[in-house]
1. Run down G14, G29 and say which single residue is at pLDDT below 95 and either in contact with a Gly (Cβ under 8 Å, 6 or more places away or on another chain) or polar (S, T, N, Q) (or both).
2. Considering only residues that are touching a residue at least 24 places away in the same chain (Cβ under 8 Å), in contact with a Phe, Trp or Tyr (Cβ under 7 Å, 6 or more places away or on another chain) and among the small types (G, A, S), look in region 47-84 and name the one that is nearest to L28 (Cα to Cα).
3. Among strands (runs of 3 or more DSSP E) lying entirely in region 40-113, which contain 2 or more residues that are modelled with pLDDT of 95 or more and hydrophobic (A, V, I, L, M, F, W, C)?
Amino acid sequence: MNGKVTTHVLDLAGGKPVVGITIELWYLGKESAEAANQPRLIGSYQTNEDGRVDEPLLLGESMECGTYEIVFDAGEFFRRSEHLSAIEVSIFDKIPIRFRIRDKNSHYHVPLLVAPGGYSTYRGS
């Protein structure tokens, strides 16, 4: 079995997928030596019409155990959102979610649920 990392982004205020925002995946290092590692950009992606990325952020042999961070450019979405008025501008810009891969054969689904006043995440399936 090959592991993978996937994500999707949902707009809670509008009740729709978030289309066309930038997502970056960073590798921060092995758990035991995080402080000594330089963050490494794995890739930059755009969400599609379904609020997902067309391919896994990380797949199979490229997966390493360690700490990762997905950075969602939510500010980009809020600035162009038609259903938000000028007074509803969100305080959120880049939203980082840091997580660990302990089993490189597992599926790590890390979604973002976003609204002008807050956000949440969970480990999905």
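1. After applying the criteria, what remains is G29.
2. So, considering only residues that are touching a residue at least 24 places away in the same chain (Cβ under 8 Å), in contact with a Phe, Trp or Tyr (Cβ under 7 Å, 6 or more places away or on another chain) and among the small types (G, A, S), the one nearest to L28 (Cα to Cα) is G66.
3. By residue number, 40-46, 66-73, 94-101.
The values are calculated or read from the model by the stated rules, or taken from the named source; none is laboratory data. Given the structure is predicted, the values throughout are model-derived calculations rather than measurements. Neighbour counts are summed over all protein chains in view; Cβ atoms, including those assigned to glycine, are modelled from backbone coordinates with ideal geometry.
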